[in-house]
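Please read the structure below before turning to the comments.
The values are calculated or read from the model by the stated rules, or taken from the named source; none is laboratory data. None of the values given here were measured: they were computed from a predicted structure. Note: ideal-geometry Cβ built from the backbone for every residue, glycine included; neighbour counts use all protein chains shown.
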Ligand SMILES: Cc1cc2nc3c(=O)[nH]c(=O)nc-3n(C[C@H](O)[C@H](O)[C@H](O)COP(=O)(O)OP(=O)(O)OC[C@H]3O[C@@H](n4cnc5c(N)ncnc54)[C@H](O)[C@@H]3O)c2cc1C
């Protein structure tokens, strides 16, 4: 049986990682005397979420954008939300999980910490593929940073029950509409490709359209996304079903703008 070490301070945890081959188990993080990773705080124009904040703490924190709180509220059971942390949900790197799509939508950044170095990167650069991240062996995920957003419309829907350990497919959308014009728009698909899908190059093409024009161009927009939606076939539902549902959710989002 493997030995466990419970560090008393975060600095000690980071330095242990540097010296030994260890696996991080965050359920023990609460036992640290001083754990800055549990804290969620607002600094200037951003909210900083410590990686070992529980999903429940993130869900109930008023500083956290509503779209992320809403997605977490639909995740698993209260037991899962009270014991699992935002950090292990991110490091779990499931494209079908609830936390990654809103984090992609909000263009969140993550901070990785080594004993003598830290690096900050966008969430999409952190996730390499299903269950894979760019974290190095002696590195931990320290915090998630979400800048204040000028978005007015939010849309989140998932297809799949709470019983599954992750949702089947999800669609997350947001926009800023001013004077009937699209000033900003974000479109994110979850569970239909090895990584969560967000395509800034397509979003840019939609900025500047009027509410009327974007609704009129729905078929063209669906066509732009179609080739990126490559779900896996499984016993629960076919590729065609997942693709069709994802594009219908996009359609519904645009119609509700
Ligand atoms: C019954 C059940 C239902 C669930 N339902 C859902 C659901 O509906 N939707 C959903 O999205 N998810 C769901 N989950 C997944 C859950 O939210 C967790 O994301 C997932 O289980 C990973 O947590 P873990 O404790 O198993 O992670 P672990 O295996 O402990 O962590 C995952 C990996 O991340 C590493 N890690 C964790 N924290 C850090 C850190 N700070 N720095 C560096 N590495 C770190 C660990 O070492 C490990 O390699 C469910 C899980 C269960 C058990």
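A few remarks follow.
- When we screen 105, 75, 68 for residues that are in the same structural domain as residue 120 (by TED's automatic domain parsing), at pLDDT 95 or above and within 14 Å of the ligand (Cβ to nearest atom), the only hit is 68.
- Selected residue (criterion: nearest to the ligand (Cβ to nearest atom)) from residues of region 42-61 that are touching a helix residue (DSSP H, G or I) at 6+ places or on another chain (Cβ under 7 Å) and in contact (Cβ under 8 Å) with a residue 60 or more places away in the chain: 51
- Count of region 224-252 residues which are at pLDDT 95 or above, buried (at least 18 other Cβ atoms within 10 Å of the Cβ) and either in a loop (DSSP other than H, G, I, E, B) or outside the structural domain of residue 192 (by TED's automatic domain parsing) (or both): 1
- Between 22, 17, the distinction of being at pLDDT below 85, assigned to a loop (DSSP other than H, G, I, E, B) and either in contact with a strand residue (DSSP E or B) (Cβ under 7 Å, 6 or more places away or on another chain) or in the same structural domain as residue 137 (by TED's automatic domain parsing) (or both) belongs to 22 only.
- Residue list for region 78-97, restricted to those being near the ligand (Cβ under 7 Å from one of its atoms) and assigned to a helix (DSSP H, G or I): 80, 87, 88, 89, 91, 92
- Taking the criterion of being more than 9 Å from residue 55 (Cβ to Cβ) and crowded, with 21+ Cβ neighbours inside 10 Å, the residues of region 74-90 that qualify are 87, 90.
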